[in-house]
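Enquirer: One structure, as structure tokens, below. Some questions next.
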Amino acid sequence: MNLKSHLIFTLYTIYGILLKGISGQYPLVQNMTVTEGGTANLTCRVEYNDNTSLQWSNPAQQTLFFGDKKALRDNRIELVHASWSELTISISDVTLSDEGMYTCSLFTMPVRTAKAYLTVLGVPEKPEIDGLMKPAMEGDHITLTCITQGSKPAADLRWFRNEKEIKGAKEVNASGKTFTVRSSLQLHVDRNDDGVAYTCKVDHVALTQTPQQATEVLEVHYAPRVEIIHSLAVPQEGQYLKLECMSKGNPPPDPVMWTKDGGELPDLDRMIVEGRELTFTSLNKTDNGTYRCEASNHLGTSSAEYVLYVYDVPTTLPPSTTPPLHPIPPDPTALLGTHASDPTVTGNRDPNAVGQHGTDHALIGGVVAVVVFVTLCLIIVLGRYLARHKGTYLTNEAKGADDAPDADTAIINAEGNHAHAEEKKEYFI
């Protein structure tokens, strides 16, 4: 049994050695990918070699190196390492024509070979943006086109409006081994596009460190727009007021023009015009009116208006800072009247508004009028009720007076004559 096991082990050992020798006689290579203009290193290894030579040949089956001997006169091809188990060569300044299947041969009987494919990436050129009009007018329709050439495989183009990505229409055309890629962007120009940077970026596997891109800044011309900003919400007599005419346009508008009620400014001593600002040093009632600011450039004219109404200075005395010796509790009715009429509470400072005492008198008069009206209505209703009421009365004399000879007999008869009482009735209206 032991002899049989030993024999089986010996056979397996011999088989392993033979198998290793056969597999070690095959060259080992790897596919390579290199960027155009770069350097490609091609390595061929053999695990077991009995002093047999290795050889590299190009896709055209031209021998490049046989062992350490250079066979093709090409200064770009150099020997890196040569031994019985390895042959490594380099190809510098790789071009697209260098792409293809390279063969490593081991000269045994028979010759054994291995093939490695060299892929050359075409680097896309820096993109160019066409179709930009300088300057563009507000409302124009323009088409921006980004073009890049020489990519392999075809590159991808991406559009950005400032930092935000937007979508364009892509078109790819083959040109030999490389591709030409176009991307178009349709724009309806408005004033918000003025000064906006449109960038076209190229995405490609060959651009790992230096991305290619092109940027164009759009200039848009448009008519001005005007807005007036005032320094006071409620202007009052004697106050300082500044009106600023904010105008935006491209090209920048000419100096603005101020008018009042369709004419020139009347009082230039108190109304000072400095650039886009109109200043009132001390307001009064004569300043009331409509003020107009106008700005223009070669594309158009725009204007804005501000209606000025100067309010009276409030006559209410400021509260005393000295506390009273004996605090007086507030009157709820007085507080109610003040809250309803005080312009500082309601936010409406009307110089013609009724004061606090006027409001109290009006309220009392209204209450008295309501009381008088209700009293008169009650009197009228009571009178009509009494007038329409039909009452009855019976006197002792009337009860049996017709049948008695005297008053005493009539009274006696009346006490027992209730059955005929209804016949003796007297009505009053």
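Each value in this text was obtained by applying a stated rule to the coordinates, not by laboratory testing. On a predicted model such as this, the values are computed, not experimentally measured, just so you know. We place every Cβ from the backbone using ideal geometry, glycine too, and count neighbours over all the protein chains shown.
Enquirer: Where does the charge balance sit around GLU277 when Lys and Arg score +1, Asp and Glu -1, over other residues with C-beta under 9 Å from its C-beta?
Expert: The answer is 0.
Enquirer: With θ set to phi - 60°, apply the Karplus curve 6.51 cos²θ - 1.76 cosθ + 1.60 along the stretch 377-383 and write out the HN-Hα couplings as whole Hz, x wherever there is a Gly or Pro.
Expert: Each residue of the stretch 377-383 in turn: 5, 5, 5, 5, 5, 5, x Hz.
Enquirer: Could you work out the Rg to Rh ratio of the stretch 185-244, with Rh taken as the Kirkwood radius (inverse of the mean 1/r over all Cα pairs)?
Expert: 1.40
Enquirer: Within 10 Å, Cβ to Cβ, of VAL29, how many net charges do the neighbouring residues add up to if Lys/Arg are +1 and Asp/Glu are -1?
Expert: Surrounding charge for VAL29 is +2.
Enquirer: Per-residue HN-Hα couplings for the stretch 250-266, Karplus 6.51 cos²θ - 1.76 cosθ + 1.60 at θ = phi - 60°, whole Hz, x for Gly and Pro?
Expert: My calculation for the stretch 250-266 gives 9, x, x, x, 5, x, 6, 10, 9, 9, 10, 6, x, x, 6, 5, x Hz in order.
Enquirer: Return the sequence-ordered ³J(HN,Hα) values of the stretch 139-146 in whole Hz as given by the Karplus equation 6.51 cos²θ - 1.76 cosθ + 1.60 applied to θ = phi - 60°, using x for Gly and Pro.
Expert: With the stated coefficients, the stretch 139-146 comes to x, 6, 10, 10, 10, 9, 10, 9 Hz.
Enquirer: In terms of the ratio Rg/(2.2 N^0.38 Å) built on C-alpha atoms, what value belongs to the stretch 225-307?
Expert: 1.09
Enquirer: Using the Kirkwood formula on the Cα atoms of the stretch 124-235, what hydrodynamic radius do you get, in angstrom to one decimal?
Expert: When all Cα pairs of the stretch 124-235 are included, the Kirkwood radius is 15.8 Å.
Enquirer: Using the Cα centre of the stretch 107-194 as origin and beta-carbon charges of +1 (Lys, Arg) and -1 (Asp, Glu), tell me which of THR143, THR119, VAL181 is placed farthest towards the positive end of the dipole.
Expert: So the residue we want is THR119.
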